[in-house]
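Okay, so here's the structure we're looking at.
The values are calculated or read from the model by the stated rules, or taken from the named source; none is laboratory data. The structure presented is a predicted model; accordingly, all values stated were derived computationally and were not measured. Here the Cβ positions follow ideal geometry from the backbone for every residue, glycine too, while neighbour counts run over all protein chains shown.
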Amino acid sequence: MSFDKLKVVTYSRQINGLPVIGPGSKIVVTIGNNGVVEGVIKRWRPFRTLSAPKAIVAVNTVVDPATALAAFSKRLSQQFPRAIPTIQNMDVALYDSNEKAIQPVYVFETNLLTQRQGPGADSSDQFLGVAPALTSAPEPIYQIGDLSGNPTPPANDIQ
């Protein structure tokens, strides 16, 4: 089967005004020839706010932005040891792992400058990374640079 056109439309959501990022909370629609829907991928769980038990609230305190930035910078230097990162922007969002939890995170828009040895120009790449906003994150946060064969990154890599 061949198509004259193929369009992909992605829908994401906001909860309480915060964007939801990560592999969950997405609907991807593939539209083929003559506007026919050829495929749909839906990762969109219902969301409702629950009252958390006091023990969970006591354990989960919010990480201050400077601590989150330091942890993110450390992780960047491990994942991209030859790159020089410049943080362009920092914001707050929600992360949906498509597992059990939707959790608050800090989002870092970063420019990675890689200096090359020998002939050739240096390269600059945009990188979007996240760090947990809770001291005891309910689930690990996977992102670019995490290898599938490696153990799960710790949910609470903020010290």
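Being closer than 30 Å to residue 117 by Cα and of a type in the set (Val, Ile, Thr) is the filter here, so list the residues in the range 83-99 that pass it.
84, 86, 87
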Output for the range 108-152, where each listed residue is in contact with a helix residue (DSSP H, G or I) (Cβ under 6 Å, 6 or more places away or on another chain) and modelled with pLDDT under 85:
136, 145
